[in-house]
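Data first, discussion second: the structure below is written as C-alpha cells.
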Amino acid sequence: MTVLQAALATAVLAGTPLLYAALGEMMGEKVGLLNIGLEGMMLMGAVVGFIVAIKTDSLVLGLLAGGAAGTVFTLVAYTFPVVVLRSEQGVVGFAVWFIGVGLSAIIGTHWTSRSLESGFGNVNLPLLDKIPFVGKILFEQPWPVYAGVLLAIFVAWGLGSTRHGMNMRAIGEDPDAAHAMGINVPFWQVFYSGVSGFLCGVGGAVLTLAITLNWNSEVTAGRGWIALALVIFAGWRPLALVWASFGFGACLMLAPFGQAHGWAIPSPFLSMIPYVFTFVVLVIRTWYARRSGRPSLEPAALGVTFVRERR
Amino acid sequence: MSPATPDNGVGTVPGGASSPPGTAALELTGIVKSFGSQRALDGVNFELRGGEVHTLLGENGAGKTTLMNIASGMLRADAGSIAVDGKKVSIPTPAVAMSYGIGMVHQHYRLVERLTVAENLAIGWHETPRVVSRGALVDWAAEVCDRYGLQVEPRAAVDTLSAGERQRVAIVRALSRGARILILDEPTALLTPHEADALFENVRRMAGEGHGVVFISHKLREVMEISDRISVLRGGQLVATLARADAEVRELARMTVATDVPDVPVERASKSGRPILVATGASVGDHDEGRLHEIDLEIREHEVLGVAGVSGNGQVQLAELLTGTCEHDSGTVTQFEGGEAVNPTKGVGHIPEHHSQGLALAASLEFNAVLRSITKPPLRRGLVISRRRLRTAARELVDRAGLKKLQVQRPAGTLSGGQMQRLLVHRELDAGSRLLVAVHPTRGLDVAATNHVQMELLAARDRGVAVVLISEDLDEVLEMSDRIVVLYEGRIAGELARPEFDRNRLGLLMGGAA
Amino acid sequence: MTAGPSPIRRVIAVLAAALVAVVFISMQSSPLGGSVWEQIWLSTFGTGLGTTSVLQLAMPILFAGLAAAVCQRTGMWNIGIPGQMIMGAWTATWVAYHLSGVPQAPLVLAMMAAGVIGGGLWMLLPALARVYLGVSEIIGTLLLNFVAIQWLIYWTGGPWANTNQNGGGTLIAKPLPAQATLPQFTIGSTTIGLALLIGVALAVVLAAVYRYTQFGYRSALAESGDELVRYAGISVWRTRLVTLVLSGGIAGLGGVLLVLDQLHVLSTSLTADNSGYVGIVAAALAGNALLGVVPSALLFGFLAAIGSALQIMDVSGEIVTLLTGLVLIIACINVGKPRFLARRSSARGTSPPSAPAPEPAPTLDEVAK
C-alpha cells in the first residue's frame, strides 16, 4: 500500500461519520424537518457508543447504543418541541446543539482518560480489493463504511422507486396536500426525525469506535455542521452524499497527514481547510445552482411547521 | 404486483360500487363547526343521492367549503353526524373519507407541485404498488387516466400544467381511489369558459355512471346549468334545498344574500382623464411561466380599468409592473402626474392578491398600518421617525378600516381574513393618490364589505385616481370598469370600451379563442 | 420572532432551568468542605469578588447578545460570534503591537476601532454570500468560527507566541503595551469594568436606533420576509448587509473589550467560556429586545459563575451549557402555534392559499397576555 493509498483510505474512513449524519439529516429534510443540531446528536452517539463499547467490550453494541442514544435524544429534545408543539425548527435545533454538547460532556466526564484498545478492524472484500489502486482504498475498510454506502444506495432507491419514497417527498414538498391525500404527516415526521437521530448517533459512534478510539467533549469538532452543509452541497441526493462525504473526509485528514509528513505549512492552516473548503464549496454550489436554473431538490416546505387544520 | 397490467385491482371500476340512484349516499345531519368565537356552520343538514349533481350555493364565507371539508375528513365537526349509505360513520381523516368512497377535489386541487402527475396519482394510496420503477409508474398512471377518460401526460410535473389539466389530475386521483361521492369545490373558478364546458360534460357523465357529485359554487349561471338539486347556504345555515325545476335565478340570488344590498352606482362620468401610466412594448420575466410579452397599455386618471383573465396569465406580474415593484426587461413604462413624468412608486397603492403579500402577519397592526407612510413626511423627518405621529396615524387608519375595537399592538396575523383585507384596502386607498392597483380586492369579503370596498374604489376614481381592477370575477369587472383589457398568456388579448362590453366575447378572449 | 417569548414563558423557562440546576447541584458534594450551595453563594452574589466575577462573565455575553439580537431583528442568524470576537481581538492586538508608544486613551480607542473593523470584516464574507447568493448564514457564519480558532492558534502559538509563559493548554501571545487596559470602578467590594458600561450604553443606543430611525423600520420589514419586502418595493439587501456587518462589528468589539478588561493579552482562552454562543441564547430569551439583552446577559453571567464555581469543586461545569440549551428550548417552545404562521407559509409556495381562512382560534400566548 502506497502512502497515497493509505492516506486516501483514511480519508474514506474519516468521511464515514459525515456520511451517516448527513444521510440522517437528509431524510429528515425530505419530510420537511430542518435540524441544525446535528453536532449535539453526534456527540450523544459518540459518548454513549464509546462508554457502552468499553463496558460491554463489544463494538457492535456500542454502535447500536450510540444510535439508540441519538434516537432518544432527538425524539425528546427536537421532535417533541417541533412536531408536537410546533416550535420554530431553527431555534430548537440550536438548543439541541447546546443540550447535546452539555449532556454528552456530563455523561462522559469520567471517560476522557479511557481509550479503546482496538476499533473496528478492516474487512477486505474479496476480489474487489484486488482492483488496482482503488481496491486498497475503498475495499479494505471496516464494515460500517460499507454499511454506510449500502444505506445511501438503499435510500436513493427508496426515495426514487417506492411508494413510501414518493410519500416522503410529498410531505416535504407540500404537507397540506400530503395530508389531504391520506398520508399521516406527523407520524412520518416523528419517524424520520428518529431515524435521523439514529444515524447521527451512529455517525458519532463510528467516530469514537473506528477513528479516534477515545472520547473528549470536542471530539466531533464541527462535523455535525459540516454534515449539515453537505446535504445542501449534495443537492439532497443520497448518492452524491457518498462521494461528498469521502471528499470532506480527505480534507479532515489533511492536518494529521501533513503533520506526520513534516509539511512546511503550519498545522493550524491545514486544520482550517475542511471548514474553508465547506464554505467555499457551498458558495460555489449555490452560485452554480442559481446560474444553471436547474430545479433544486430542496424540499419546498423545508422548515415550515405543519399544522393540521383541526386541533 | 406488476403495475402495468390492467386487472390488478388498482382502482375500482367506475360506478361498480355506487349507491342505487335516488337513495341517500351521503347524509350530514346537524353539523356545527366553530373557528374560535366565530360559528362557521350552525346545525346544517345536507343530503346527497347517488347519481345526482347537488349544488351547494352561497356567498364566500357561507360555509360551503367548511361543510364539505367535514365530509371529506379535512376538518372535524363540533357536533352533528355523518352517514354514508344510511350507516352512521365517523370521518376523522381524509384517508377514512376515501375508504368510504368520498373524494374531494379542492379549489386549488392540493396537488404536490413539483412531483409528476403519475406521482401525484400514486402518493398516499394503499393500492399503489409498494415498489415501482419510474417507467412502470408512468404506464400505470397512463392506464388510470385512460380508464376515466381524462387525458394528462403522466410524466409532466404538476407545476407545468394548466389549471384545467391540474383539475383533471385531481379528479382522476379521487375517482381512482374509488370515490363514489365526488366533491368539487368551486371547480370553475380557475378555468376558462371552454375548460369549464369540458368539465360540465365530465360531471354529467360521472353522474350518469351513478356517482353522487357535490358541486360547490357561487355562480348562479352555472348552477342552473349543471344541478339536479340546489342547497343554499347563508351565514353557516341552510336556507333551502330545491330541485332545479323549482329554482329560479332571481329567487336564488335573493336567498344567498341576507338583505337587499344597494347596487353599486354605475353612473359613468365621461371625463377623459390625462394619462397616469403609459407602457409601450413592456416585457417582464425570462421564463415562460408568469411572463409578460410586449404590453402596450395606457392608464388614465378618472377611470377604472378592468383586467380580466384566468389567474396565472400574468396578472401578478402586471400588478408589479404597474406598481413599479418589478423591472421590465424591454420596452418602456412611464408614469405621469399632472402631465409630468414622475417616479414610478409615487402615489401608488397596491392591494395584493393575498393578504400575506401586503401584511407582516407576525408584526403589530400599528407597523402594518404605517407600512406605506413611514418612509415619508410627516412620520419621517430626516432619519428620525416620530413615534407620536406614528401612533396617531396608525390608530386613525385602523379605526377607519372598521377595526375600532382592536388594539394596535396585536399581531396582524390574528385578524380574520376579512379584517385583514379591510386594513389592506384602506391603507392602500391612502397610499394610492395617483394610481391604485387592486388585485381581487373583494375576495373573501361578505356582501356588505364587498359593496363597501367597491364604493371606495369608485370614490377614488371620482377623485381622479386611476384604478386598475384585476379580478377573476367577471361580474365584478363588468360592473365596475370603464374599460376592460383581457390578459391571456402574458399578452393583452383584447381591449373593450364600456359600450362594447360583452360577456361572451370576454369569455372567448380569456380562453385565447379570439 | 417579533414578539418573542411572552414574559411568563421567559420566567417559566428560567425557573425550569433553575429546578434542573438545583436537582443536579444537590447531588454533588463539595470537596472543599462546607455545602455546595455555600460555595456557589460565595462565588456569585455572596461576596464582592463573586459579584465582580458575575459582572465580568456577563460582559462578553452582553456584546454577543447584542450582536445576535441585531441580526435576528432582520430575520437572520449570526452563529459566528465567537469567530468575530477572535478576529476583533486579533486585529486590535495587531494594532496595539504597532502603536506600543501611544498613550492609554488613543491606544484603547484605536484598539476598539480595530476590533469593530476586524469583527465586521470577518462577517463580510458570509454576509455577502447570504445577501447576494442566498447561502445560509447559519452555516456560513458558524463554519468560519472554526477557521478563526485555528487562526488564533496559529498566531498565539507561532509568530506572536509568548515564549516566557507556560499557560498549560492555553496558548498566550506576547504581552500588550502596559497602558492597554480599561478603567475599573470599585463600589464597596465590587468592581465594575468600563467595558460593561460601554455595553449597556451600546444597548441603549441600538434600542433608540431601532425604535426611532428608518433603519429600524427597514429591519422590521426585512424580518417580515421577502414577499412583503418585494411588495413594499423597498430594497432591503443593503439593510441586511449592514446589519450582518454591524453584528460582526459588535461581536468584534466584545472580543477586544474582553482582552482589554479581563485577559490583558490575546490568548486561546478568549472563547473558552462559549460566551459567543451563550449570547445568542441570551438574545432569544430577551425576545431580541435590545434593552432586554442587558438583564438577560446578567442572568447568563450568573449561570456562568455557577459553572466556574462547580468546576473549582471538580464538578463538570458543562451543566451550564446544558442549562443554557434548556432555557432556550423552554422559552421558545410553542404551546399551540398561532395559526397565522402556518397560513403564511402555505401562501409562500407556488400554489395559491386555500379559501379565506377562518377566524384564528385564540392561542395560549394571547390568553397568557
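The values are calculated or read from the model by the stated rules, or taken from the named source; none is laboratory data. It should be emphasised that the depicted structure is a prediction, and the values quoted were computed from it without experimental measurement. Note that each Cβ is placed from the backbone with ideal geometry, even for glycine, and that neighbours are counted across all protein chains shown.
Let me confirm something: among A:Gly49, A:Gly67, which residue is touching a Phe, Trp or Tyr at 6+ places or on another chain (Cβ under 7 Å) and assigned to a helix (DSSP H, G or I)?
A:Gly67
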Number of the exception - A:Phe277 against (1) part of a helix (DSSP H, G or I); (2) among the aromatic types (Phe, Trp, Tyr); (3) farther than 24 Å from C:Leu142 by Cα: (3)
Breaking point among (1) at pLDDT 80 or above; (2) within 11 Å of chain C (Cβ to nearest Cβ), for B:Glu289: (1)
Test: residue in segment C:274-281 that is surrounded by 24 or more Cβ atoms within 10 Å (Cβ to Cβ) and free of Cβ contacts under 8 Å to residues at least 60 places away in the same chain: yes
Selection from segment C:220-236 of residues that are under 15 Å from B:Pro344 (Cα atoms) and either of a type in the set (Gly, Ala, Ser) or in a loop (DSSP other than H, G, I, E, B) (or both): C:Ala232, C:Gly233, C:Ile234, C:Ser235
Members of segment C:163-172 that are surrounded by 17 or more Cβ atoms within 10 Å (Cβ to Cβ) and more than 14 Å from chain A (Cβ to nearest Cβ): C:Ile172
Breaking point among (1) at positive phi; (2) away from chain C (no Cβ under 14 Å), for A:Gly32: (2)
Filtered residues of segment B:423-445 (kept if at pLDDT 85 or above, of a type outside the set (A, V, I, L, M, F, W, C) and under 23 Å from the mean Cα position of the chain (by Cα)): B:His426, B:Arg427, B:Glu428, B:His440, B:Pro441
Residue match in segment B:438-459 (condition: outside any helix (DSSP H, G or I) and either within 25 Å of B:Arg389 (Cα to Cα) or more than 14 Å from every other protein chain (Cβ to nearest Cβ) (or both)): no
Residue match in segment A:234-241 (condition: touching an Asp or Glu at 6+ places or on another chain (Cβ under 9 Å) and surrounded by 24 or more Cβ atoms within 10 Å (Cβ to Cβ)): no
Residue list for segment B:25-70, restricted to those being among the small types (Gly, Ala, Ser), assigned to a strand (DSSP E or B) and more than 14 Å from every other protein chain (Cβ to nearest Cβ): B:Ala25, B:Gly30, B:Gly43, B:Gly50
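Given the residues A:Trp97, A:Trp111, which is the only one that is within 14 Å of chain C (Cβ to nearest Cβ), closer than 25 Å to C:Ile333 by Cα and out of contact with any His (no Cβ under 6 Å at 6 or more places or on another chain)? Please lay out each step first, then the result.
Numbers: A:Trp111 fails: closer than 25 Å to C:Ile333 by Cα.
A:Trp97 is the lone residue from the list that is within 14 Å of chain C (Cβ to nearest Cβ), closer than 25 Å to C:Ile333 by Cα and out of contact with any His (no Cβ under 6 Å at 6 or more places or on another chain).
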Subset of segment B:407-421 (residues that are surrounded by fewer than 21 Cβ atoms within 10 Å (Cβ to Cβ) and either at pLDDT 85 or above or part of a helix (DSSP H, G or I) (or both)): B:Gly418, B:Gln419
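Select from segment A:258-274 the residues that are in a helix (DSSP H, G or I) and more than 7 Å from every other protein chain (Cβ to nearest Cβ) and write down the one among them that is surrounded by the most Cβ atoms within 10 Å (Cβ to Cβ). Outline the logic, then answer.
Within segment A:258-274, the subset in a helix (DSSP H, G or I) is A:258-260, A:267-274.
Now restrict to residues that are more than 7 Å from every other protein chain (Cβ to nearest Cβ): A:258-260, A:267, A:270, A:273-274.
Working: A:Gly258: 18, A:Gln259: 14, A:Ala260: 10, A:Ser267: 18, A:Leu270: 19, A:Ile273: 20, A:Pro274: 26.
The residue in question is A:Pro274.
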Total residues in segment B:323-380, condition charged (D, E, K, R) and over 26 Å from B:Leu403 (Cβ atoms): 5
Within segment B:119-135, considering residues that are more than 9 Å from chain A (Cβ to nearest Cβ) and touching a residue at least 24 places away in the same chain (Cβ under 8 Å), the one nearest to B:Asn69 (Cα to Cα): B:Leu121
In segment C:272-288, the residues that are part of a loop (DSSP other than H, G, I, E, B) and under 18 Å from C:Ile333 (Cα atoms): C:Ala286, C:Gly287, C:Asn288
Matching option when the condition is more than 14 Å from every other protein chain (Cβ to nearest Cβ), among the hydroxyl-bearing types (Ser, Thr, Tyr) and out of contact with any strand residue (DSSP E or B) (no Cβ under 6 Å at 6 or more places or on another chain), among C:Thr44, C:Thr74: C:Thr44
Index of the failed condition, C:Ala114 passing every other in (1) farther than 30 Å from A:Gly224 by Cα; (2) assigned to a loop (DSSP other than H, G, I, E, B); (3) touching a residue at least 40 places away in the same chain (Cβ under 8 Å); (4) out of contact with any Leu (no Cβ under 6 Å at 6 or more places or on another chain): (2)
Unique match (being assigned to a helix (DSSP H, G or I), modelled with pLDDT under 95 and within 14 Å of chain A (Cβ to nearest Cβ)) among C:Val135, C:Val131: C:Val131
Residue that is farthest from B:Glu186 (Cα to Cα), among those in segment B:71-101 that are of a type in the set (D, E, K, R) and either in contact with a strand residue (DSSP E or B) (Cβ under 9 Å, 6 or more places away or on another chain) or within 14 Å of chain A (Cβ to nearest Cβ) (or both): B:Lys88
Selected residue [hydrophobic (A, V, I, L, M, F, W, C), within 30 Å of C:Leu49 (Cβ to Cβ), out of contact with any His (no Cβ under 7 Å at 6 or more places or on another chain) and buried (at least 16 other Cβ atoms within 10 Å of the Cβ)] from C:Leu194, C:Leu244: C:Leu194
Test: residue in segment C:174-197 that is within 10 Å of chain A (Cβ to nearest Cβ) and under 22 Å from the mean Cα position of the chain (by Cα): no
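Among the residues in segment A:203-212, are any in contact with a helix residue (DSSP H, G or I) (Cβ under 9 Å, 6 or more places away or on another chain), within 9 Å of another protein chain (Cβ to nearest Cβ) and either assigned to a helix (DSSP H, G or I) or of a type in the set (Lys, Arg) (or both)?
Narrowing segment A:203-212 to residues in contact with a helix residue (DSSP H, G or I) (Cβ under 9 Å, 6 or more places away or on another chain): A:203-212.
Of the ones still in play, those that are also within 9 Å of another protein chain (Cβ to nearest Cβ) are none.
No, that holds for no residue.
Quick check: is even one residue across segment C:259-268 within 12 Å of chain A (Cβ to nearest Cβ) and either surrounded by fewer than 24 Cβ atoms within 10 Å (Cβ to Cβ) or not in a loop (DSSP other than H, G, I, E, B) (or both)?
yes
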Among the residues listed as B:Pro352, B:Pro378, the single one being out of contact with any Pro (no Cβ under 9 Å at 6 or more places or on another chain) and either under 21 Å from B:Leu457 (Cα atoms) or in the same structural domain as B:Gln38 (by TED's automatic domain parsing) (or both): B:Pro352
Residues (assigned to a strand (DSSP E or B), free of Cβ contacts under 8 Å to residues at least 60 places away in the same chain and either out of contact with any helix residue (DSSP H, G or I) (no Cβ under 8 Å at 6 or more places or on another chain) or at positive phi (or both)) located in segment B:319-341: B:Ser330, B:Gly331, B:Thr332, B:Thr334, B:Glu340, B:Ala341
